[in-house]
Amino acid sequence: MKSQSKVLLKFVGLLPIVFLLIVVSVLGENHRAKELVENYLETVKVGSGAEKCIALNFESSTVASRKLSCEDQSFLFLLSLMKALELKDFGSVEYSTGLSKYWTPFSSKNYVAVLVTFENQSEKTLNSVIFVVERDGLSWTIDKIDVNNKELVSVYEEFKDLDLSRYVEVSDNSLVIKNNQLEGSELSYIDKMVIKYNLQRLNRFLRDN
């Protein structure tokens, strides 16, 4: 009887340690999800995240838009961030991240919500941008971006009819390079961004064909 009591006491004594290990593990998993978003944003800042297409959900948008590819949506979202933050180089954007919804092993919701606040060097900020990161087995993946910032949505809607194929048009296995005369002194930063975007399309076409 005494030996059973000792075993029970040892078991009870181990419970706080087990609980602590579970808490540390869960916090670590939530941190991994947040870190995934931060790593993605860093690749976008250096211009190497164009091929990573993430679905966008503009929660406060009321204007019906023409159908855009996920790639075009991602580019317009980046362009909207630049204009709203008054940036000409997205590499200079600053941001902070925080978890607005946590994941636990016992929750029916298998995702983490990472709130991102963007700002420029003048400390103009854009918030209400949430990256939804889903748990898939033992790994995490960014599922979508929920945008509920009215200013950002408004700028995005201004850009929805922008001709993103004004220089290069790619369709399946065909490529059309359009005749355009460029005057450097007359190009806005938006024009330059669209040119870069068209050149990325051209580069991918040449690489894949």
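The values are calculated or read from the model by the stated rules, or taken from the named source; none is laboratory data. Values in this document were obtained by computation on a predicted structure and should not be read as measured data. Please note: Cβ atoms are built from the backbone with ideal geometry, for glycine as well, and neighbour counts cover all protein chains shown.
Before moving on, here are some points about what is shown:
- Under the condition of being modelled with pLDDT of 90 or more and touching a helix residue (DSSP H, G or I) at 6+ places or on another chain (Cβ under 8 Å), the residues counted in region 112-127 number 5.
- Unmet requirement for residue 156, which otherwise passes all of (1) crowded, with 16+ Cβ neighbours inside 10 Å; (2) over 25 Å from residue 131 (Cβ atoms); (3) not hydrophobic (A, V, I, L, M, F, W, C): (2)
- Only one of the listed residues (166, 201) is of a type outside the set (S, T, N, Q), modelled with pLDDT under 85 and under 21 Å from residue 54 (Cβ atoms). That residue is 201.
- Annotation note: of 196, 192, the sole residue that is of a type in the set (Lys, Arg), more than 22 Å from the chain's Cα centre (by Cα) and over 15 Å from residue 73 (Cβ atoms) is 192.
- Among the residues making up region 66-109, those that are under 19 Å from residue 54 (Cα atoms) and more than 19 Å from the chain's Cα centre (by Cα) are 66, 67.
- Hits in region 172-191 (condition: in a helix (DSSP H, G or I) and either touching a helix residue (DSSP H, G or I) at 6+ places or on another chain (Cβ under 8 Å) or loosely packed, with under 10 Cβ neighbours inside 10 Å (or both)): 184, 185, 186, 189, 190
- Only one of the listed residues (101, 83) is modelled with pLDDT of 90 or more and basic (Lys, Arg). That residue is 83.
This table checks each residue for (1) over 28 Å from residue 29 (Cα atoms); (2) in a loop (DSSP other than H, G, I, E, B); (3) of a type outside the set (S, T, N, Q).
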residue: 81; (1), (2), (3): yes, no, yes
residue: 96; (1), (2), (3): no, no, no
residue: 103; (1), (2), (3): no, yes, yes
residue: 106; (1), (2), (3): no, yes, yes
residue: 113; (1), (2), (3): no, no, yes
residue: 117; (1), (2), (3): no, no, no
residue: 134; (1), (2), (3): no, no, yes
residue: 143; (1), (2), (3): no, no, yes
residue: 151; (1), (2), (3): yes, no, yes
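- Subset tally (residues that are at pLDDT 85 or above, over 11 Å from the mean Cα position of the chain (by Cα) and either assigned to a loop (DSSP other than H, G, I, E, B) or among the acidic types (Asp, Glu) (or both)) for region 31-65: 1
- The one condition from (1) at pLDDT 85 or above; (2) surrounded by fewer than 19 Cβ atoms within 10 Å (Cβ to Cβ) that residue 69 does not meet is (1).
- Once region 83-94 is narrowed to residues that are in a helix (DSSP H, G or I) and not charged (D, E, K, R), the residue that is surrounded by the most Cβ atoms within 10 Å (Cβ to Cβ) is 84.
- Checked against the criterion of being of a type in the set (D, E, K, R), out of contact with any Cys (no Cβ under 9 Å at 6 or more places or on another chain) and in the same structural domain as residue 80 (by TED's automatic domain parsing), the candidates 136, 191 yield just one match: 136.
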